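S.K.: After the C-alpha cells below, expect a handful of questions from me.
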Amino acid sequence: MTQTLPDTLDDPWLARSRETVARIDLAPQAETVGRVERVGDGIALVSGLPDCCLSELLRFDGGRMGFALTLDADSIGAVLLDDGEAIEAGSRVTGTGEVVRVPVGPGLLGRIVDPLGRPLDRDEPVKAEAEMPVERPAPAIIERDLVSEPMDTGILVVDALFAVGRGQRELIIGDRATGKTAIGVDTIINQKHTDVVCVYVAIGQRATAVRRVIEAVRQHGAPERCVFVVASAAASPGLQWIAPFAGFTIAEYYGITASTRWSSSTI
C-alpha cells in the first residue's frame, strides 16, 4: 500500500507562517520594570522606575492603569485609574512613556464613555480621530475667538438676567438639591434645534441619577450631538479626578474646529 504525502511547498498555511516568522523582530528589547511597595485608597507607592516622568501613564498587572503624581528620590506615588483590588505589594509596574490622553473626534458624539474614552454604552470601541492630553496649557487669549453669538438656555429667568454666549464659560454654583443639574440638563435639551455640541460630565453621581439624565436627553434633546463622560461614585478616585479635565479636552476639540459650535456642561 502506497501513501502519497501532500506537497507542502504549495501549502498556503505554510507560506503565511513563513511570512509571519520573517516579520518578527527577534532583537533584544530592554524594559524597565518597577514593583508596587504598598497600595491603598487608590494610591500605589512604586519603586524601580528611575526614568519615570511626572504624569506618565503606568501599566500595572492585569492591564490596569495609573499615572505618576509625585516623584521622590526612591519611589513614585501613582494614582490608580482602575480598580486596585487585584494590585498588591510586589505587582509589576511598567512605564508607557505617555501622559494620560483621551480620544477626541466626531466618533464620540452620542456615546457614553469614561474619562479615558473607554465605552460604557456598548462593546463597540470609540472611533477616535485623535488623542489629546487631558492636562495641557489653555489656548492663549489672543488665540481665542470673540464671544459674539448668544446661546439660549431655554429658562426664561436665566436668559433674561444673564447674557450667555457661545464659547463662554459659566459656573453653576449652589448647595445640594437646589436644581443645578436641572439647569444644565434643560440647557442641553434646549440645544435640540441648534448646532451646539454638548458635553455632559458626571462626577461621583449615582448610576441611577446619571441614567435619568441620559434618558431625558435621549427623549427630549439631540443625543446624537452630545457626549456623556461618566465617572460614577463606584469609579476609582483617580478616574473621578481626571473626569473634568477629560470633559473639557473633548469639548475643546469642537471649539478649535472651525465648522462646529460647542457648549460644555459640567455638573
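What follows is calculated from the coordinates using simple rules that are stated; it is not laboratory data. Quick caveat, the model's predicted, so the values are computed rather than measured. Don't worry about glycine lacking a Cβ; one is built from the backbone with ideal geometry, like all the others, and counts go over all protein chains shown.
S.K.: Which GluC sites (Glu not before Pro) in region 23-94 pass both tests, a DSSP loop state and at most 11 other beta-carbon atoms within 10 Å? Intermediate values should be presented prior to the final figure.
M.R.: Details: sites: Glu31, Glu37, Glu56, Glu85, Glu88; in loops: Glu31, Glu85, Glu88.
Here the sparse-neighbourhood loop sites are Glu31, Glu85.
S.K.: So, with +1 on the Cβ of K and R and -1 on the Cβ of D and E, and no other charges, what is the size of the charge dipole of region 33-99 about its Cα centre, to the nearest 20 debye? Intermediate results must be reported in sequence, preceding the final value.
M.R.: Numbers: 5 positive and 12 negative charges, 26 e Å.
The calculation lands at about 120 debye.
S.K.: In whole Hz and in residue order, list the ³J(HN,Hα) couplings for region 76-84 that follow from phi through the Karplus curve 6.51 cos²θ - 1.76 cosθ + 1.60, θ = phi - 60°; x for Gly and Pro.
M.R.: 10, x, 10, 8, 7, 9, 10, 4, x
S.K.: Please name whichever of Ile43, Gly167, Val102 sits farthest to the positive end of the charge dipole of the chain, dipole taken about the Cα centre and charges placed at Cβ: Lys and Arg +1, Asp and Glu -1.
M.R.: Positive-most Cα among the choices belongs to Gly167.
S.K.: In addition: Convex hull volume of the Cα atoms in region 33-99, per residue, in Å³?
M.R.: Details: hull volume 4.6 nm³, N = 67.
About 69 Å³ per residue, rounded to a whole number.
S.K.: Could you give the size of the charge dipole of the chain about its Cα centre, using +1 on the Cβ of each K and R and -1 on the Cβ of each D and E, expressed in debye and rounded to the nearest 20? If you can, show how the numbers build up before the last one.
M.R.: Numbers: 26 positive and 37 negative charges, 158 e Å.
Result for the chain is approximately 760 debye, rounded to the nearest 20.
S.K.: Now, a different point. Inverting the mean 1/r over all pairs of different Cα atoms, compute the Kirkwood radius of region 101-266 and quote it in Å. Don't jump to the answer; show the numbers that get you there.
M.R.: Numbers: mean 1/r = 0.0613 Å⁻¹.
When all Cα pairs of region 101-266 are included, the Kirkwood radius is 16.3 Å.
S.K.: Would you work out which of Gly255, Ser55, Pro139 lies farthest towards the positive end of the dipole of the chain? Charges go on Cβ: Lys and Arg +1, Asp and Glu -1.
M.R.: Going by the charge dipole, the pick is Gly255.
S.K.: Could you state the angle between the C-alpha long axis of helix 180-189 and the longest principal axis of the C-alpha atoms of the chain, as a value from 0 to 90 degrees rounded to the nearest 10?
M.R.: With both axes taken from Cα atoms, the answer is about 80 degrees.
S.K.: Moving to a separate point now. Which trypsin sites (Lys or Arg not before Pro) does region 38-124 hold that lie in a coil by DSSP with at most 15 other beta carbons within 10 Å? Numbers along the way, then the final one.
M.R.: Values: sites: Arg38, Arg59, Arg64, Arg92, Arg101, Arg111, Arg122; in loops: Arg64, Arg111, Arg122.
Here the trypsin sites (Lys or Arg not before Pro) that fit, given the DSSP loop and packing criteria, are Arg122.
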